[in-house]
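Below you'll find the structure, written out as structure tokens, and then a few comments.
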Amino acid sequence: MLRMATIGTGAITAEFIAAVKENPQTEIAGLYSRNADHGTAFATTNGLPDVPVYDDLDKMLADPSIDLVYVASPNSLHFAQTKAVLLAGKHVITEKPAFTNPAQFAVIARLLNARPQQFYFEAARHIYTPNFSKLQRAIGGKTVTGAVLSYAKYSSRYDAVIAGETPNVFSPRFAGGALQDLGVYLVYAAIALFGKPIAAHYRPHMLTTGVDGGGIGTLEYPNFTVYLRPDKTVQSRVPSEVYLGKDTVWTDNIAELTQVGYYHGSSAAFDTLGGDQPANGMSSELARFTEIIQNDDRAAFAEQFQLSARVNEVLYALRQDAGLQFPAAVEAAPDVD
């Protein structure tokens with residue numbers, strides 16, 4: 001049994017808690033919120049009235065009964081909190097995007113190298129689902145000639161931007177923007193499917209808040225190009241596609257993968273590849289992370305860690321190409337003393 005604690009009280013944390021409850025190998029042992037009353041209300045709402053609620057992170061990390069901490073705070077806090085969890089001797093699952101730059105990732109890598117008994121995972125739930133595996137198998141061994149990956153979803157906080165406000169998810173101070181919040185899904189899918197690109201470019205649509213509301217990215221591979229379209233200012237229903245010469249592998253939504261199909265040539269008919277996805281999108285990744293920890297599967301851990309590192313590097317390259325800058329405090333990568 002892995003006893004888990006959470007950082008963050010948003011909808012994604014509630015979804016993670018639901019996945020933990022469904023998994024017989026895991027349980028919730030603590031919740032952290034900067035506001036104790038808010039944390040207590042969140043615990044009650046999520047059916048955890050007896051679980052300890054902390055408004056002091058150090059106190060929660062000092063609890064020896066907690067094995068793992070799930071970090072789902074604003075993006076800019078991920079690095080410092082992940083580092084604190086590892087220094088406390090616990091495993092960590094950090095919500096994507098894990099860190100803002102490769103220098104921060106390098107610090108976490110050094111911490112893990114010095115603590116070979118601990119595990120770190122980045123929560124990229126879509127790549128652990130059954131339908132993503134079917135998508136991988138459909139293109140395996142075939143010649144890829146291109147891809148278009150789209151995830152455009154109107155943010156519930158964009159109306160506040162229109163009204164002149166700066167919500168956290170649209171703030172440079174919190175490492176927000178479409179590339180960070182939605183583009184990470186696309187970059188994860190591209191690297192999991194095709195490997196690391198040789199070049200990365202991004203042309204953003206900038207908002208008055210100082211971050212991108214959307215944009216068009218390109219990942220260049222030796223023989224093909226992958227086009228990326230993240231956007232938080234529109235609600236798009238454009239699918240994602242991988243091109244295999246005359247054939248096309250299609251999914252309705254690269255982040256959800258509700259449907260996956262294989263089109264042969266110009267025929268309107270297609271082979272249905274995808275089956276039912278888990279009701280909770282986080283259940284597959286939680287099951288995989290739990291399995292790796294309980295089996296001490298260092299090879300599987302190394303594979304996931306390398307993927308996370310490559311995604312971090314490519315996201316940073318896209319952001320640098322676009323001139324998207326975060327404050328120095330957000331980009332800082334203080335090493336371990």
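The values are calculated or read from the model by the stated rules, or taken from the named source; none is laboratory data. None of these values were measured; they are calculated from a predicted model. Heads up, the Cβs are rebuilt from the backbone with ideal geometry, glycines too, and the neighbour counts pull from every protein chain shown. Remember, those area values only see protein heavy atoms, side chains included, never the ligands or the DNA or RNA. Shrake-Rupley method; radii C 1.70, N 1.55, O 1.52, S 1.80 Å.
Considering only Val311, Phe270, Ile293, and ranking their Cα positions along the charge dipole of the range 203-336 that arises from unit charges at the beta-carbon of Lys, Arg, Asp and Glu, the one farthest toward the positive end is Phe270. Counting only residues at least eight positions apart within a chain, or on another chain, the lysines with an alpha carbon under 20 Å from that of Lys96 are Lys83, Lys153, Lys196, Lys232.
In the range 38-153, a dipole from Cβ-located charges (positive for Lys and Arg, negative for Asp and Glu) runs towards its positive end, and of Ser65, Tyr120, Gly89 it is Tyr120 whose Cα lies farthest in that direction.
Ordered by 1.4 Å accessible area with all protein chains kept, Lys134, Lys59, Lys96 run largest first as Lys59, Lys134, Lys96.
Multiplying the residue separation of Ala332 and His201 by 0.36 nm and subtracting their alpha-carbon distance yields 44.8 nm.
Among the listed options (i) 43; (ii) 30; (iii) 16, the one matching percent of Cα pairs over 37 Å apart as calculated from these coordinates is (iii). Model label points for Thr258 and Lys21, set 7 angstrom from Cα along the Cα-to-Cβ axis, are 2.4 nm apart. Inter-part distance, the range 85-127 to the range 236-287, computed on C-alpha centroids, equals 30 Å.
To the nearest 10 degrees, how steep is helix 184-194 against the longest Cα principal axis of the chain, on a 0 to 90 scale? Orientation of helix 184-194: about 60 degrees from the principal axis.
Each stretch of four or more DSSP H residues adds -39500 (n - 2.57); spread over every residue of the chain, this sum gives -10500 deg cm²/dmol at 222 nm. Taking the C-alpha atoms only, the angle from helix 298-322 to the longest principal axis of the chain is near 70 degrees.
Assign unit charges at the C-beta atoms only (+1 for Lys and Arg, -1 for Asp and Glu), then state the dipole size of the range 26-94 relative to its Cα centre in Debye, rounded to the nearest 20.
Computed about the Cα centre, the dipole is about 260 debye.
Sorting the Cα pairs of the range 190-270 by distance into bins of 10 Å, from 0 upward, gives 15, 39, 35, 9, 1 percent per bin. Dipole magnitude for the range 104-232: about 440 debye, using +1 per Lys or Arg Cβ and -1 per Asp or Glu Cβ, origin at the Cα centre. For the range 154-170, 3J(HN,Hα) computed residue by residue from phi via the Karplus equation (6.51, -1.76, 1.60; θ = phi - 60°) reads 5, 6, 5, 9, 5, 4, 5, 5, 4, 7, x, 8, 10, x, 3, 6, 10 Hz, glycine and proline entered as x. Its Cα centre serving as origin, the chain has a Cβ charge dipole (Lys and Arg +1, Asp and Glu -1) of approximately 660 debye. Each Lys or Arg adds one and each Asp or Glu subtracts one; over the other residues with Cβ under 11 Å from the Cβ of Pro116, this totals +1.
Most simply put, the chain has about 50% antiparallel DSSP beta bridges, counting only bridges with both residues inside it. Length available on full extension from Ala268 to Asp321: 0.36 nm per residue minus the Cα-Cα distance, which gives 15.2 nm.
Positive end of the dipole of the chain (Cβ unit charges, origin at the Cα centre): among Thr100, Val148, Val161, the Cα lying farthest that way belongs to Val148.
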